[in-house]
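S.K.: One structure, as structure tokens, below. Some questions next.
The values are calculated or read from the model by the stated rules, or taken from the named source; none is laboratory data. Treat the numbers as computed from the prediction; the structure is a model and nothing was measured. Cβ coordinates were reconstructed from backbone atoms using ideal geometry, including for glycine residues, and neighbour counts include every protein chain displayed.
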Amino acid sequence: MESNKFYELKELRNILPITDQRTIAKWLSDHHIPIQHIAGKKVVHRFMVDMEIDKSLVKELKLKYPEKWEELYTCYQDNDRLGYLLLLDDEFVPTKRYESILIKDVEQKSSLAAQLLKG
């Protein structure tokens, strides 16, 4: 089923470290994620699965970086490795050479990365 809103249960084998359908159904039940039947397929809301998977990451970010965890999580969601690294390096000051490399060769995935690069 091609949809941005749902995962088919069989797709979860590629996302979770679980291959057995019954174990996947138990994981969903344990995490209070309902299975729906749409057009003859068993599906779950993508958002609920993704958020459940990300809970441990958010918990770790809150513990390690209580002042920056939201920005770091946004970088993770945007796959913005540059923004993530810049947020972690409080002493980062780009030199002219490095700044030109960053701006030319790295696509800034978030507005945060663009702001950090501008200084």
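S.K.: So in the range 35-64, with the set limited to residues that are in a loop (DSSP other than H, G, I, E, B) and in contact (Cβ under 8 Å) with a residue 12 or more places away in the chain, which one is farthest from L87 (Cα to Cα)? Break it down stepwise before answering.
M.R.: Within the range 35-64, the subset in a loop (DSSP other than H, G, I, E, B) is 35, 39-40.
Subset that is in contact (Cβ under 8 Å) with a residue 12 or more places away in the chain: 35, 39.
Values: I35: 38, A39: 45 Å.
Looking at residues that are in a loop (DSSP other than H, G, I, E, B) and in contact (Cβ under 8 Å) with a residue 12 or more places away in the chain, I get A39.
S.K.: Of the conditions (1) at pLDDT below 85; (2) outside any helix (DSSP H, G or I), E67 clears all except one; give me its number.
M.R.: (1)
S.K.: In the range 1-39, how many are of a type in the set (K, R) and surrounded by 12 or more Cβ atoms within 10 Å (Cβ to Cβ)?
M.R.: Filtering the range 1-39 down to residues of a type in the set (K, R) leaves 5, 10, 13, 22, 26.
Applying the additional criterion that residues be surrounded by 12 or more Cβ atoms within 10 Å (Cβ to Cβ) yields 10, 13, 26.
Total meeting the criteria: 3.
S.K.: On the given criteria, is L28 among the aliphatic types (A, V, I, L, M) and in a helix (DSSP H, G or I)?
M.R.: Answer is yes for this residue.
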